[in-house]
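What follows is a single structure, written as structure tokens, with notes after it.
The values are calculated or read from the model by the stated rules, or taken from the named source; none is laboratory data. Worth saying up front: this structure is predicted, and the values here are computed from it rather than measured. Cβ: placed from backbone, ideal geometry, glycine included. Neighbour counts: every protein chain shown. The protein model used for the area step is the full one, side chains on, heavy atoms only, and it has no ligands, DNA or RNA in it. Shrake-Rupley method; radii C 1.70, N 1.55, O 1.52, S 1.80 Å.
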Amino acid sequence: MRPTTDSTAAPPVTPGAQVTPDPPDVRHTPVAAGTDPAALTVVPARHYARWTAAVAVLVLVAQFAHGLATNPVWEWRVFGAYVLSETIVQAVWVTLQLTAYATVLGFTLGTVLAFMRLSRSPVLRTVAWTYIWIFRSIPMIVQLVFWFNLSALYDRLGLGIPFGPVFWSVDSNAVIGTMGAAVIGLTLHQAAYCAEIVRGGVLAVDHGQLQAAAALGIPRLRQIRRIVLPQAMRAILPTAGNEIIGLLKGTSVVYVMSIGELFYQVQVVYGRNGRVIPLLLVATAWYVLLTSLLSLAQYHVERRYARGADRTPPPTPLRRLRRSLRALRAAADHPDRPVIPPRAPELLGESR
């Protein structure tokens with residue numbers, strides 16, 4: 001008889017050798033009952049507490065909106081009559097002027113103070129620290145009233161030699177009016193806070209980069225302008241935006257100087273007609289609108305300065321809304337296809 005050539009036949013066993021059993025062939029192993037993933041029943045997670053909290057919040061929001069619409073005390077007719085009146089619009093313009101002047105001048109002076117505090121000169125550091133300490137310690141309303149009465153201390157302002165003769169002088173009331181005193185008070189108060197904001201942003205930049213720039217022979221001023229400030233802006237902008245929004249609302253304090261800004265004019269109007277609630281609602285609507293515009297500007301400026309750290313900045317809320325609408329339309333057109341959420345880099349941006 002000839003030997004068989006079947007490949008599945010067992011090899012000959014040498015006498016005395018240890019026999020190792022062959023591993024099981026998983027391709028032909030039957031799946032045990034209950035372990036097939038396709039046969040499992042998928043049960044979505046039940047978030048009862050989350051749904052309960054969402055329903056409670058929606059009920060409260062609906063109740064508040066119902067009160068706004070049906071409570072006659074709000075007097076929406078009076079609100080509509082005054083919200084775009086000439087008096088209120090002019091008062092909004094004054095508020096914007098005060099905010100713009102104090103922001104530009106305050107951050108300019110604050111940047112100078114910040115670098116004075118970071119200077120190696122003990123005199124500059126001491127002067128900057130003293131300024132910040134004093135102006136952060138005095139309430140804004142006290143500073144405004146002080147500058148409003150500056151003429152009581154100095155009736156004339158002049159130019160000349162220190163502790164010597166004065167060559168030219170002018171009446172202080174002619175130079176610093178009511179609006180000028182408000183701008184000076186807001187600027188000096190704001191500069192103290194801006195100095196700390198800028199200093200914190202500069203300290204957030206890795207010091208090794210300055211050392212590398214100095215090793216390359218880059219001048220000190222160019223190091224600050226091209227290396228330090230662009231990176232420090234990422235740390236400065238969120239706090240600076242918050243500070244500007246606070247300043248916008250803080251300009252209402254100048255009502256003590258009888259300046260016709262938004263809150264002062266609202267007080268004047270409801271002092272005449274007695275419509276307190278709808279006039280306060282007018283001021284609230286304008287402050288909400290202005291702060292919303294500032295927040296939108298802050299968001300886009302932060303996106304611009306975030307380009308150095310993110311390869312693809314996160315999408316704007318409008319883009320996210322469009323993407324969600326496209327996903328809903330695609331899910332409605334093809335209900336048999338599974339809904340795939342967007343990838344994390346597309347949603348949050350990709351970091352370097």
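For Arg117, indicate whether it is modelled with pLDDT under 95, closer than 29 Å to Leu247 by Cβ and either loosely packed, with under 10 Cβ neighbours inside 10 Å or within 32 Å of the chain's Cα centre (by Cα) (or both).
Spelling it out, Arg117 is indeed modelled with pLDDT under 95, closer than 29 Å to Leu247 by Cβ and either loosely packed, with under 10 Cβ neighbours inside 10 Å or within 32 Å of the chain's Cα centre (by Cα) (or both).
Kindly establish whether Gln190 is modelled with pLDDT of 80 or more, of a type in the set (S, T, N, Q) and either more than 19 Å from Glu243 (Cα to Cα) or loosely packed, with under 13 Cβ neighbours inside 10 Å (or both).
No: the conditions fail for Gln190.
Would you call Thr87 touching a residue at least 24 places away in the same chain (Cβ under 8 Å), surrounded by fewer than 16 Cβ atoms within 10 Å (Cβ to Cβ), among the hydroxyl-bearing types (Ser, Thr, Tyr) and in contact with a helix residue (DSSP H, G or I) (Cβ under 7 Å, 6 or more places away or on another chain)?
Answer is yes for this residue.
Kindly evaluate Ala214 against the criterion of being small (Gly, Ala, Ser) and at pLDDT below 85.
So Ala214 passes the test.
Give the residues of segment 56-79 that are under 16 Å from Val282 (Cα atoms) and under 31 Å from the mean Cα position of the chain (by Cα), sorted by residue number.
Within segment 56-79, Leu68, Phe79 qualify.
Would you please name the residue that is farthest from the chain's Cα centre (by Cα), looking only at residues in segment 333-352 that are open to solvent by 80 Å² or more (accessible area, probe 1.4 Å) and modelled with pLDDT of 65 or more?
Asp336
Among (1) free of Cβ contacts under 8 Å to residues at least 60 places away in the same chain; (2) farther than 21 Å from Asn242 by Cα, which single condition is Met179 missing?
Answer for Met179: the failing condition is (1).
Taking Val127 and the conditions (1) open to solvent by 40 Å² or more (accessible area, probe 1.4 Å); (2) in contact (Cβ under 8 Å) with a residue 24 or more places away in the chain, which numbered condition does it fall short on, given that it satisfies the others?
In the conditions (1) open to solvent by 40 Å² or more (accessible area, probe 1.4 Å); (2) in contact (Cβ under 8 Å) with a residue 24 or more places away in the chain, Val127 misses (2) alone.
Of the numbered conditions (1) of a type in the set (A, V, I, L, M); (2) open to solvent by 20 Å² or more (accessible area, probe 1.4 Å); (3) under 30 Å from Leu296 (Cβ atoms); (4) not in a helix (DSSP H, G or I), Ile259 fails exactly one; give the number of that condition.
Ile259 satisfies every listed condition except (2).
Looking at segment 41-80, which of its residues are open to solvent by less than 70 Å² (accessible area, probe 1.4 Å), in contact with a helix residue (DSSP H, G or I) (Cβ under 9 Å, 6 or more places away or on another chain) and among the aliphatic types (A, V, I, L, M)?
Leu68, Val78
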